[in-house]
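The values are calculated or read from the model by the stated rules, or taken from the named source; none is laboratory data. Small disclaimer: the values here were computed from a predicted structure and weren't measured. With ideal geometry, Cβ positions are generated from the backbone for all residues, glycine too; neighbour counts draw on all protein chains shown. Side chains are part of the model used for accessible areas, which takes the heavy atoms of the whole protein and leaves out ligands, DNA and RNA. Shrake-Rupley method; radii C 1.70, N 1.55, O 1.52, S 1.80 Å.
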Amino acid sequence: TIVCYSDSTTIFANTNGNVNKFSWSTSLDFSNPVNTNTADSSFTFKLQQGINKFYVMGENTITNACEKVDSAIIEYLPTFVNASVSADTVCEDTEVQFNAILTNVDTFTWIFGNGSINTMETNPTTTYNSGGTKSILFEYENYTCEDRDTIPFSVFIQANDFSFTAPTDSLFCGIGPY
């Protein structure tokens with residue numbers, strides 16, 4: 001079983017009424033039982049990212065029937081994304097750094113708002129050569145969990161709207177006041 005969205009899961013033991021004592025554990029030898037109510041046929045386990053294995057032992061203390069052990073394997077694959085931009089205001093022709101930390105993400109796309117995209121680098125840079133507010137999107141998807149989301153960013157690019165006029169060429173020869 002794969003769990004994507006919850007950091008805990010409840011496991012139920014179906015015994016058809018033949019069991020009256022349950023022991024739940026994360027180890028096969030039951031050296032660390034996790035339940036205190038042994039009459040409860042269900043238990044909620046906290047999941048760790050990755051593979052989780054749980055065991056249940058059922059007994060019938062009335063009939064002294066042989067105990068039976070069963071197990072459940074649950075893979076916990078939470079999607080984690082932390083995306084950011086290095087600045088929200090920069091001057092034209094200044095490099096802007098984008099950053100993303102990803103866990104269990106199959107695809108991602110940086111959409112820079114200037115016609116360019118990046119699907120290869122989690123921490124790309126781009127340079128904007130025109131002023132104005134740029135709308136940037138970071139899209140990601142986890143296929144197994146069918147998880148897809150978009151994180152928006154805004155960067156204001158301050159235009160460098162001035163120019164220099166070069167002096168005309170001059171040639172100075174000799175000495176004296178010029």
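Does any residue of segment 33-54 turn out to be part of a strand (DSSP E or B), more than 27 Å from the chain's Cα centre (by Cα) and small (G, A, S)?
Taking segment 33-54 first, the residues part of a strand (DSSP E or B) are 33, 42-46, 50-54.
Those still in the list that are more than 27 Å from the chain's Cα centre (by Cα) too: 33, 42-43.
Still in the list and also small (G, A, S): 42.
Yes, the conditions are met somewhere in segment 33-54.
For first residues located in segment 112-127 and closer than 15 Å to I151 by Cβ and modelled with pLDDT of 95 or more, partners that are in a loop (DSSP other than H, G, I, E, B) and among the charged types (D, E, K, R) and lie 6+ apart or on another chain with Cβ distances below 8 Å do not occur. Within segment 38-62, being among the charged types (D, E, K, R), more than 18 Å from N20 (Cβ to Cβ) and in contact with an Asp or Glu (Cβ under 8 Å, 6 or more places away or on another chain) holds for one residue alone: K46.
Considering segment 1-32 alone, what residues qualify as being open to solvent by less than 90 Å² (accessible area, probe 1.4 Å), in contact (Cβ under 8 Å) with a residue 40 or more places away in the chain and assigned to a loop (DSSP other than H, G, I, E, B)? So that I can check it myself, show each step before the final result.
Residues of segment 1-32 open to solvent by less than 90 Å² (accessible area, probe 1.4 Å): 2-4, 6-11, 13, 15, 17, 19-27, 30-32.
Subsequent filtering for residues that are in contact (Cβ under 8 Å) with a residue 40 or more places away in the chain retains 2-4, 6-7, 9, 11, 13, 15, 19-21.
Within segment 1-32, C4, S6, D7, A13, T15, V19, N20 qualify.
Considering D106, D88, D149, D93, the condition of being at pLDDT 90 or above, at positive phi and among the charged types (D, E, K, R) is satisfied by D93 alone.
Within segment 62-93, the only residue that satisfies the criterion of being aliphatic (A, V, I, L, M), open to solvent by 80 Å² or more (accessible area, probe 1.4 Å) and assigned to a strand (DSSP E or B) is I73.
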